[in-house]
Amino acid sequence: MLSEAGRNALALAELSPAGRQYVDTALRRIDELSAEIEPLRAQLVNFARRQQGCQALQRHYGIGWLCAAIIWAEIGDARRFRSSDQLVRFAGLDITVYSSDSKRSPGHLSRQGSPELRWAAFEAARCAARRGSPDYAYYRKLAAKRDGHNGKNPTLAVERKILRRCFHTLRDLGDAALALPDTRPQQEVAA
């Protein structure tokens, strides 16, 4: 919908007058929201480029400036978690198990955490499918098992791995990971 090819395909689609009105209205709303979102995205990226914790997170493969800002904001002080497993649980990426007496149903994702943190981890984990990724071999191994219906979802497994790395990165930075960047214009800082 956001690409020129997508817009052209919609323009050529045979729709009823009501359908055409619905699509045109939706496209106008997308354009209006995009105009509001872009300055916010630019602010977040600018912040992430100056904040030490975000800079450290961005060094992990698959984590760009926007994902770094979201992960940093959602995790906060990583030292509040005793372990990286707690962060995975906090994000809602842990497996829950329901058991009653002798019956035990298979686990599912708890999703009882920050949807923004899950989204950012997912976006970063999708990069593991690329050949240049340090997690590529791990991803392929899990994907091969999944084809045999015995393995985990490979992207989900990499999401957990990335969050664990983020935990250790931010925890090791300590107070520096939380420090806000100087927001004064460069001229004032130099004076």
For Ser133, Ser3, what's the largest-to-smallest order of accessible area, 1.4 Å probe? Ser3, Ser133
Can you give the FRET efficiency to the nearest 0.05 for Arg28 and Leu180, using r as the Cβ-Cβ distance and R₀ = 25 Å? 0.10
Please state the shape class of the stretch 25-67: rounded when a/c is under 1.5, otherwise prolate if a/b exceeds b/c and oblate if not, all from the C-alpha gyration tensor. oblate
Quick check: with the 1.4 Å probe, what order do Tyr22, Tyr138 take by accessible area, largest first? Tyr22, Tyr138
Quick one: accessible surface of Arg50, probe radius 1.4 Å, all protein chains present, in square angstrom to the nearest 10. 90 Å²
Compute the Rg/Rh shape ratio of the stretch 1-84: radius of gyration over Kirkwood radius, all on alpha-carbon atoms. 1.22
How much FRET efficiency would the formula 1/(1 + (r/R0)^6) give for Asn8 and Glu38, where r is the Cβ-Cβ distance and R0 is 22 Å, rounded to 0.05? 0.50
With every protein chain kept in place and a 1.4 Å probe, the residues His168, His60 fall, from largest accessible area down, as His168, His60
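The values are calculated or read from the model by the stated rules, or taken from the named source; none is laboratory data. Here the structure is a predicted model, which means the values were calculated and not measured. Reconstructed Cβ throughout: ideal geometry from the backbone, glycine too, with neighbour counts over all protein chains shown. All accessible areas refer to the heavy atoms of the entire protein, side chains included, with ligands and DNA or RNA removed. Shrake-Rupley method; radii C 1.70, N 1.55, O 1.52, S 1.80 Å.
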